[in-house]
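Beneath this line is the structure, given in structure tokens, with notes to follow.
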Amino acid sequence: MAVASLNRDQEKFSTSKDNIVIVENHESLRGGRSLDTNGYPLSVINAGHVIIKNSTTTDYKPMPIVVSGAIAKQGSYTGGTGYVNAGTYTNVALTGGTGSGARATIVVAGGAVTGVTITNPGSGFKVGDSLSAAASNIGTGGTGFTLGVAEVDGSSSGYAALPAGHEYVGIQISTIGAKEPFGAILIHGTVNEVASPFPVTSIKSAFNTATQNRIRWTSDKI
């Protein structure tokens, strides 16, 4: 069962569209649910996101999405030790994580990495990925350099397919951080699909059938 820890530093994200996308809330799942965000690529789950459930484990999850996964913000890095040749190394391929194609300019001094600037964001990465680089490309001989991925490009072609063994449940009511994924889930009400975070056209029919048409969709301009 998914468990959401609420003992984290407060994250900042916009909730300005929450009241626009959730037009009417007649009923929500009592008490809310902790969401399983394992594999979810973004740092935020926006109001209006479709919520699904694993029919076997009963874990609730945000509906999978297809994103570019380009690195939008790099996280902190660990400099490592033992890198022999100080200097600035350009166009260095970053390895690891779920994506590919990312490159960076890396500065080495005193046997460690002292600066990293991503020059090609690549694609297919997820928040929390840990990247590195071959020692031969950044001074040779060293070890331990890692770079975190803090944010990825959220541009999307839409929702992915409903995973096997899962069912549609409802709609996320408020915008939350993926690191603190405790969701309030709408199961009866009205949703403005124009303001929804991702297009619902491809899944609307199946979603409506699964949720017994208790969600009404509007197309109000924003």
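Quick notes on this structure:
- Of the residues His166, His26, His188, the one with the fewest other Cβ atoms within 10 Å heads the list, and the complete ranking is His26, His188, His166.
- On full extension, the segment bounded by Ala150 and Ala206 gains 16.8 nm, given 0.36 nm per residue less the C-alpha separation.
- The convex hull around the C-alpha trace of the chain, projected and averaged over every direction, spans 13.6 square nanometres.
- P(r) tail for the range 161-218: Cα pairs beyond 13 Å make up 65% of the total.
- The stretch between Ile20 and Arg103, if pulled fully straight at 0.36 nm per residue, gains 26.0 nm over its current Cα-Cα span.
- Sequence of Arg33, Arg214 once ranked by neighbouring C-beta atoms within 10 Å, starting from the fewest: Arg214, Arg33
- Gap separating the Cα centres of the range 133-171 and the range 188-222, nearest whole Å: 28
- Length released on extending from Arg214 to Ser76, taking residue separation times 0.36 nm less the Cα-Cα span: 45.2 nm
- Ranked Val23, Val116, criterion: other C-beta atoms within 10 Å, fewest first: Val23, Val116
- Over all distinct Cα-Cα pairs of the range 1-123, the Kirkwood formula returns a hydrodynamic radius of 18.3 Å.
- Partner lysines for Lys53 [C-alpha distance under 26 Å; skip if fewer than 8 residues away on the same chain]: Lys17, Lys61, Lys126, Lys179, Lys204
- Here the chain is treated with +1 on each Lys and Arg Cβ and -1 on each Asp and Glu Cβ, and its dipole about the Cα centre works out to around 80 debye.
- The Thr119 and Val194 beta-carbon pair, evaluated with R₀ = 25 Å, returns a calculated FRET efficiency of approximately 0.10.
- Sorted from greatest to least, the principal axis extents spanned by the alpha carbons of the range 95-222 come out as 63, 35, 25 Å.
- Global geometry of the range 71-152, whether rounded, prolate or oblate, following the gyration tensor of its Cα atoms and the 1.5 cut on a/c: prolate
Computed from the coordinates by the stated procedures, all read-outs in this text should not be read as laboratory data. Note that the coordinates shown come from a computational prediction; the quantities given were computed from them, not determined experimentally. Every residue, glycine as well, gets a Cβ built from its backbone with ideal geometry; the counts of neighbours run over all protein chains shown.
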